Amino acid sequence: MTDVLWFGWSIIWSLVLCYLPGFLCLRALGIWRGAACAVAPAVSAGLLGGGAVVAALIGVRWTLSSAALVTILAVAVVAGARRLLAARRARPRTHPGTPSWLPLVPPRARVLVPLAATVAVVPVLIALGSPGTPLQRWDALFHLSALQHVRESGDGSTLTFAALATTDGTGGIYPAAFHDLIGIVPLAPIPIVLNAATLALAVVPWIHGTMFLARALWPRASWAPTVAGTAAALAPAIPLNEWIHLSPIPNLVGAAFLPGALVAVLCCYRALRACLTGSSDTALGPWAISALIASAGLGLLHPNVFIALCLMTAAAGFGGAVEQRRRARPSRAAAVIGAAALLPVAAIIMTPASSTASGFVGGLEVGPVQAVGEVVSGLLTVWPMATGPLLWAVAYVGLWALLRRGSYLLPAVTAVMVVLYLDAAVDSPLRLSALWYSGQDRISMFLTLVVCLLTVPGTAHLARWLRRSGKRSALIWRSSAAVLGVLVVLSSVAPRLDYARLNLDLDMVQRPRYMDSEELAMLEQVGTTMDTDKVLLANPFSGGAHLSAMTGQRVRFPVAGMNPTPEDGQLMDDLLRAGTDPEACTRLMDAGIGYVYVDRRPYYYGGSFTRIDQATPELGRVIGQTDHSMMIEISCAAA
């Protein structure tokens, strides 16, 4: 029961830290409260991610107090900027006269969207079981250790965060905005904080941002947020499902914040267009500042989400230029925005840091026929299920309807995302998707966002068709569609639960596991008795490496995939001899090593760390064990 309370506590704090700093900043700029709520998560990431960098540079610990101070300073600065710009209140209008009275949350959305979100979230919660159950995916251990690092050291600087993956403290840039946001959640255990925060930030900003983006795109359609929000909750390849599927947490949280950032970009463009057409209803300055901070926030969460934002903006800009081709100034402005959006992409590609992603090898590769089949059917690589083809069918209608009336903005964005997905799926030599680790699973979230938006014009076109078909036929078609939709949604519950259990069920031996349930129970019991001043030597692919986040235990290798230094190699060699060689044992003790964890069934076999799992009980006293693992307290007297 206590863990459940901590879980709820962590969700509340995560949402407060996600929304409040950005909302206050945007309101100080004069942005309307509805738009401010939608854009706030990306702006908060920019403020707190950037604040953590500044705090590290001036020697201030990154804590909840530091985040509050950054928020206060940011609000003061943007309020001054607003006065300087003499900006009017910014509302997300397409042009003067657009109705501003549309409800922020339409009545139907208050029922349908929570129901859809429940269908998406409950299977994950059931599979999760205990709130602190560690996700059994490669990246999950890094993010556990990263949150502990921020809480313990007070250092969340993106400029040096990669040092977490080294034992000598050297390291470079790693996007740390997610950890800066969540690492300051007070009091709650880190494993619970990570699960609660990821769940909350993968669901709420994603659905809310998509709803408001639909509202900004179609302000006269009061039902548009309901359709888009429901689709965003039920679609298969959404950030929530990507979390369980692969665990690229900053990447998927950035994708969840992306719709809100696109709202800022869209409103900025419309404000610019209003300026060019001589309209007085414009607030270009506030929207430009909002878009810049939101874009920076996405970059600090993960650069490839920022790149996705740039490519979407570029495609939309060129599509808008074609759409506005008969109006010279707006058309040129859209083309200029499209071209300008490509400049950051080119700059990132040319930086040495981009090689981390572009040089990655090992993503899932499928044949061209399967890749095309996935895109055409909606059965993408992340959790393929029946809701995908249903949403895709409606989106196809929407795509056709937009093209038919000469609207090219969303079709252009769709084309770019499809090309990137196909490039990643077949591992194309063009390497267009290299900055996403050639992973179609990451790109699928962006493609899904576009599909969710396309369901709005698709639904509108189908509704017009029904109105022309006569009352009796329309009633039959509506009833059939409602029944089909309910059946498809219900049919997705079992697959969702099965997919979630693949990476959350600790005792599913068919999949790689850091630990099983017996091992977790042993670690929880033993961890409370260990001396946290002593260092634990454990294979980073074992359950023992999780003690850093679980109890604050010092762990030599807290991150999966670390590259051991020569000194690390010497320690592991000494470990193999320490049971019979007093000098080797003394060198371990001199290095602060007080415990060793042996796991015969790690998440990953092979590599230098296998030497740790060859240690024997002769090293000292076994203080905890299972049928395949044991925790040894080193005692040189035993040697």
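The values are calculated or read from the model by the stated rules, or taken from the named source; none is laboratory data. Owing to the predicted nature of the structure, the values given are computational and were not obtained by experimental measurement. Here Cβ is always computed from backbone atoms with ideal geometry, including for glycine, and neighbour counts include all displayed protein chains. Ligands, DNA and RNA are excluded from the accessible area calculation, which covers all protein heavy atoms including side chains. Shrake-Rupley method; radii C 1.70, N 1.55, O 1.52, S 1.80 Å.
Of everything in segment 563-603, what is of a type in the set (Ser, Thr, Tyr), at pLDDT 85 or above and out of contact with any Lys or Arg (no Cβ under 8 Å at 6 or more places or on another chain)? Give them in sequence order.
Hits for segment 563-603 are THR565, THR586, TYR597.
Taking segment 390-423, which residues are open to solvent by 40 Å² or more (accessible area, probe 1.4 Å) and not in a helix (DSSP H, G or I)?
ARG405, TYR408
If VAL227 meets every condition in (1) open to solvent by 10 Å² or more (accessible area, probe 1.4 Å); (2) under 15 Å from ALA38 (Cα atoms) apart from one, which number is that one?
VAL227 satisfies all of (1) open to solvent by 10 Å² or more (accessible area, probe 1.4 Å); (2) under 15 Å from ALA38 (Cα atoms) except (2).
Restricting the search to segment 527-548, which residues are open to solvent by less than 10 Å² (accessible area, probe 1.4 Å) and in a helix (DSSP H, G or I)?
GLY527, GLY543, GLY544, ALA545, HIS546, LEU547 - these are the residues of segment 527-548 that are open to solvent by less than 10 Å² (accessible area, probe 1.4 Å) and in a helix (DSSP H, G or I).
If you check ALA560 against the conditions, is it modelled with pLDDT under 90 and in contact with a Pro (Cβ under 9 Å, 6 or more places away or on another chain)?
When the stated conditions are applied, ALA560 passes them.
If you scan segment 77-104, which residues turn out to be open to solvent by 60 Å² or more (accessible area, probe 1.4 Å) and either part of a loop (DSSP other than H, G, I, E, B) or at pLDDT 95 or above (or both)?
ALA86, ARG88, ARG89, ARG91, ARG93, HIS95, PRO96, GLY97, TRP101, LEU104
So how many residues does segment 581-639 have that are touching a Gly at 6+ places or on another chain (Cβ under 7 Å), surrounded by fewer than 19 Cβ atoms within 10 Å (Cβ to Cβ) and in a helix (DSSP H, G or I)?
3
Please work out if LEU159 is of a type outside the set (S, T, N, Q), part of a helix (DSSP H, G or I), in contact with a helix residue (DSSP H, G or I) (Cβ under 9 Å, 6 or more places away or on another chain) and open to solvent by 10 Å² or more (accessible area, probe 1.4 Å).
On the way: of a type outside the set (S, T, N, Q): yes; part of a helix (DSSP H, G or I): no; in contact with a helix residue (DSSP H, G or I) (Cβ under 9 Å, 6 or more places away or on another chain): yes; open to solvent by 10 Å² or more (accessible area, probe 1.4 Å): yes.
No.
So TRP465 fits all but one of (1) without any contact (Cβ under 8 Å) to a residue 60 or more places away in the chain; (2) within 26 Å of the chain's Cα centre (by Cα); what number is the exception?
(2)
Just one of the numbered conditions (1) open to solvent by less than 10 Å² (accessible area, probe 1.4 Å); (2) of a type outside the set (Ser, Thr, Tyr); (3) part of a helix (DSSP H, G or I) is not true of GLU518; which one?
Tallying (1) open to solvent by less than 10 Å² (accessible area, probe 1.4 Å); (2) of a type outside the set (Ser, Thr, Tyr); (3) part of a helix (DSSP H, G or I), GLU518 fails exactly one: (1).
Select the helices (runs of 4 or more DSSP H) contained entirely in segment 324-384, then report the ones holding at least 1 residues which are at pLDDT 90 or above, closer than 26 Å to LEU298 by Cα and of a type outside the set (A, V, I, L, M, F, W, C).
On the way: elements: 328-350, 355-358, 368-377.
Where helices (runs of 4 or more DSSP H) fall fully within segment 324-384, none carries at least 1 residues being at pLDDT 90 or above, closer than 26 Å to LEU298 by Cα and of a type outside the set (A, V, I, L, M, F, W, C).
Against the definition (of a type in the set (S, T, N, Q) and either open to solvent by less than 10 Å² (accessible area, probe 1.4 Å) or closer than 18 Å to TYR19 by Cα (or both)), how does SER153 come out, yes or no?
Taking the combined requirement at face value, the residue does not satisfy it.
Considering only segment 209-250, state which residues are in a loop (DSSP other than H, G, I, E, B), farther than 14 Å from ARG108 by Cα and not polar (S, T, N, Q).
Passing the criteria: TRP218, PRO219, ARG220, ALA235, PRO236, ALA237, ILE238, LEU246, PRO248.
Considering every residue within segment 452-468, establish whether at least one is open to solvent by less than 20 Å² (accessible area, probe 1.4 Å), under 19 Å from GLY254 (Cα atoms) and modelled with pLDDT of 95 or more.
Yes, the conditions are met somewhere in segment 452-468.
Determine if segment 200-207 includes at least one residue that is within 25 Å of GLN440 (Cβ to Cβ), aliphatic (A, V, I, L, M) and open to solvent by less than 10 Å² (accessible area, probe 1.4 Å).
Yes - at least one qualifying residue is present in segment 200-207.
Could you go through segment 211-219 and let me know if any residue there is surrounded by fewer than 24 Cβ atoms within 10 Å (Cβ to Cβ) and charged (D, E, K, R).
Within segment 211-219 (the criterion being surrounded by fewer than 24 Cβ atoms within 10 Å (Cβ to Cβ) and charged (D, E, K, R)), the answer is no, since none of the residues qualifies.
Which residue pairs have Cβ atoms closer than 6 Å, lie 6 or more positions apart in sequence or on different chains, and pair a first residue in segment 417-435 that is farther than 18 Å from ALA315 by Cβ with a second residue that is modelled with pLDDT under 95 and open to solvent by 40 Å² or more (accessible area, probe 1.4 Å)?
Cβ pairs passing all conditions: VAL426/PRO368; ASP427/GLU365; ALA434/SER358.
If you check CYS267, CYS275, which single one turns out to be closer than 23 Å to LEU454 by Cβ and modelled with pLDDT under 95?
CYS267 is the lone residue from the list that is closer than 23 Å to LEU454 by Cβ and modelled with pLDDT under 95.
Taking interchain pairs and intrachain pairs at least six residues apart, which have beta carbon atoms under 7 angstrom, with the first residue in segment 295-306 and without any contact (Cβ under 8 Å) to a residue 60 or more places away in the chain and the second aliphatic (A, V, I, L, M) and surrounded by 24 or more Cβ atoms within 10 Å (Cβ to Cβ)?
VAL305/ALA255; VAL305/LEU258; VAL305/LEU298; PHE306/LEU298
Counting just the residues of segment 129-141 that are surrounded by fewer than 22 Cβ atoms within 10 Å (Cβ to Cβ) and not in a loop (DSSP other than H, G, I, E, B), which one comes out nearest to the chain's Cα centre (by Cα)?
ASP139
Go through (1) of a type outside the set (Ser, Thr, Tyr); (2) open to solvent by less than 10 Å² (accessible area, probe 1.4 Å); (3) in contact (Cβ under 8 Å) with a residue 60 or more places away in the chain and name the single condition ARG270 misses.
(2)
Test ASP180 against the stated conditions and say whether it is farther than 30 Å from PRO411 by Cα, of a type in the set (Asp, Glu) and open to solvent by 10 Å² or more (accessible area, probe 1.4 Å).
Working: farther than 30 Å from PRO411 by Cα: yes; of a type in the set (Asp, Glu): yes; open to solvent by 10 Å² or more (accessible area, probe 1.4 Å): no.
Against the criterion (farther than 30 Å from PRO411 by Cα, of a type in the set (Asp, Glu) and open to solvent by 10 Å² or more (accessible area, probe 1.4 Å)), ASP180 does not qualify.
With respect to ALA188, determine if the residue is within 18 Å of LEU125 (Cα to Cα) and out of contact with any Pro (no Cβ under 6 Å at 6 or more places or on another chain).
Values: within 18 Å of LEU125 (Cα to Cα): no; out of contact with any Pro (no Cβ under 6 Å at 6 or more places or on another chain): yes.
Against the criterion (within 18 Å of LEU125 (Cα to Cα) and out of contact with any Pro (no Cβ under 6 Å at 6 or more places or on another chain)), ALA188 does not qualify.
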